[in-house]
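Reviewing the structure listed below.
The values are calculated or read from the model by the stated rules, or taken from the named source; none is laboratory data. Bear in mind that the values here come from a model prediction, so they are computed numbers and not experimental data. Backbone-built Cβ (ideal geometry, glycine too); neighbour counts: all protein chains shown.
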Amino acid sequence: MAQQSINRKKAGRPPVAKEVARSARVVTFLTEAERVQLEGLADETDQSISSTCHQLISEGLERYRQ
């Protein structure tokens, strides 16, 4: 039994560097039409809604910096 626990992999996501880990939470509200549009974009790009939001925010911030 002790040998099994030594060879077991840890469950969950592997750790990432603190510089790239996403830990800050932002909450917003959308209209139903905006939510449907966001879901459509997520489906088109084969991403989760969360990943789509992150991508849109990152691209918007990049344009803002220019």
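Can you report the number of residues in segment 40-58 which are part of a helix (DSSP H, G or I) and within 14 Å of the chain's Cα centre (by Cα)?
11
Go through (1) of a type in the set (Ser, Thr, Tyr); (2) touching a residue at least 12 places away in the same chain (Cβ under 8 Å); (3) outside any helix (DSSP H, G or I) and name the single condition residue 23 misses.
Residue 23 satisfies every listed condition except (2).
Residues are listed down the side, and each one gets a yes or a no for (1) among the acidic types (Asp, Glu); (2) at pLDDT below 95; (3) farther than 21 Å from residue 13 by Cα:
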{"position": "24", "(1), (2), (3)": "no, yes, no"}
{"position": "34", "(1), (2), (3)": "yes, no, yes"}
{"position": "39", "(1), (2), (3)": "yes, no, yes"}
{"position": "42", "(1), (2), (3)": "no, no, yes"}
{"position": "48", "(1), (2), (3)": "no, no, no"}
{"position": "58", "(1), (2), (3)": "no, no, yes"}
{"position": "61", "(1), (2), (3)": "no, no, yes"}
{"position": "65", "(1), (2), (3)": "no, yes, yes"}
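What are the residues in segment 42-55 that are without any contact (Cβ under 8 Å) to a residue 12 or more places away in the chain and either surrounded by 12 or more Cβ atoms within 10 Å (Cβ to Cβ) or more than 17 Å from residue 25 (Cβ to Cβ) (or both), if any?
42, 43, 44, 45, 46, 47, 49, 51, 55, listed by residue number.
Taking the condition in a helix (DSSP H, G or I) and at pLDDT below 90, does residue 5 pass?
Details: in a helix (DSSP H, G or I): yes; at pLDDT below 90: yes.
When the stated conditions are applied, residue 5 passes them.
Looking at 62, 34, can you tell me which residue is surrounded by 10 or more Cβ atoms within 10 Å (Cβ to Cβ) and among the charged types (D, E, K, R)? Break it down into steps so the answer makes sense when it comes.
Numbers: 62 fails: surrounded by 10 or more Cβ atoms within 10 Å (Cβ to Cβ).
On inspection, the qualifying residue turns out to be 34.
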